[in-house]
Amino acid sequence: MTVYQIIKRNRRLIWIAAVLGCLLAIVLLVIRLVNVEPRAGEVLGSVALAVAAATAPTLALISLDRRPALLPAAALASVFMGIIELTLLPVWILLALTWAWAHSRRPMKTEVSRPMWWARVALGLGVAVSVLVLFSHLDPYCTQTMGDGTIQVLDPADQGMRTGWRFGTTNSQGFAGEQTGFDGAVSTVCSSDRIVWGEAVASLLISLVVIGAGLRWPLNNAPARVVSRTSVPPNVTS
């Protein structure tokens, strides 16, 4: 296989995996919008989650513009997304392996300095942080539907639910679901957590910083070290 064929194959694989990753982000957005209450914070949080999910494939696409060193960052970000979203772990791992394989099979290798190596790790971690920001702080939410159809917002503390950082407080009290038939109410529904404006905006900013850093990544204009993986065409003699 010639150098041109290897490069063409790798670019095709990167594109296919990136498009699949973007479609996965859209699916996450639609599923979450369907399953959350139409509050501004939740809607913006759903968008923030989709942007975070689309960050890894975006980095992979940016790498095609003479920034091949970004491919490992995209693969690492995909692994972190899979760890956070365990239900989709096989798909995220498949994307990560595709990008890692395409990077390892490049016919031309470039050296990456230690600071830039750590910068790639930081980009991958940034994707994980942008998702964790959405759910690291507990913000319970309770509503009560009365017999006449009116809906009241209740204090979650009265339902035994606490507000605070997830790693610093337990939220075992209360309930997530529906209770009926007390205090004249038809039903009372509590959610153990919700996404608020601050969490959604912070997540979006982190994702945009990661993408912006990818766009500012140095172009690969330095001389490259060629790895002998190509076959000699039949009409060429050595």
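The values are calculated or read from the model by the stated rules, or taken from the named source; none is laboratory data. These figures come from a predicted structure and were not determined experimentally. So basically every Cβ, Gly included, is an ideal-geometry build from the backbone, and we count neighbours across all protein chains shown.
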Per the filter on region 141-154, residues touching a residue at least 40 places away in the same chain (Cβ under 8 Å) and not polar (S, T, N, Q) are TYR141, CYS142, MET146
Can you tell me which of (1) out of contact with any Pro (no Cβ under 7 Å at 6 or more places or on another chain); (2) closer than 28 Å to LYS8 by Cα; (3) surrounded by fewer than 23 Cβ atoms within 10 Å (Cβ to Cβ) is the one ARG106 doesn't meet? (1)
Of the residues in region 90-140, how many are touching a residue at least 24 places away in the same chain (Cβ under 8 Å) and part of a loop (DSSP other than H, G, I, E, B)? 9
Among the hydroxyl-bearing types (Ser, Thr, Tyr), assigned to a strand (DSSP E or B), at pLDDT below 75 and not assigned by TED's automatic domain parsing to the domain that holds VAL47 - does that describe any residue in region 170-180? no
